[in-house]
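Asker: Please see the structure below; I have some questions.
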Amino acid sequence: MKQGIHPENYRFVVFKDMSNGTTFLSKSTAASKETITFDDGNEYPVIKLEISNTSHPFYTGKNMLVDTAGRIDKFKKRYEKKK
């Protein structure tokens, strides 16, 4: 492994799945201005996710469709047949 190419500033960060509200604690170098109090009572920076393993259909086994920004409606509108 090459020396000096990996970041040194790993810290604990809470990742929050915005589609179902699930949170989990991990280490990351991602920057965040927001903080959240985690289950252990400590305050950590929070990184908001649109989808995670708790809401992704592949991991849940359910055909749940997550439409965060109206993407499906935009697609249908763009490619609908002209009358």
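Asker: Please indicate, with yes or no, whether at least one residue in the stretch 44-67 is modelled with pLDDT of 80 or more and acidic (Asp, Glu).
Answerer: Yes: one or more hits.
Asker: Condition first: at pLDDT below 90, loosely packed, with under 10 Cβ neighbours inside 10 Å and closer than 30 Å to GLY70 by Cβ. Now tell me which residues in the stretch 1-43 satisfy that.
Answerer: Hit for the stretch 1-43 is GLY21, nothing else.
Asker: I need the full set of residues from the stretch 44-54 which are closer than 24 Å to GLY70 by Cβ and part of a strand (DSSP E or B), in order please.
Answerer: Of everything in the stretch 44-54, those that are closer than 24 Å to GLY70 by Cβ and part of a strand (DSSP E or B) turn out to be ILE47, LYS48, LEU49.
The values are calculated or read from the model by the stated rules, or taken from the named source; none is laboratory data. This structure is a prediction, so every number in the text was calculated from the model and none was measured. In this analysis, Cβ positions are derived from the backbone assuming ideal geometry, glycine residues included, and neighbour counts consider all displayed protein chains.
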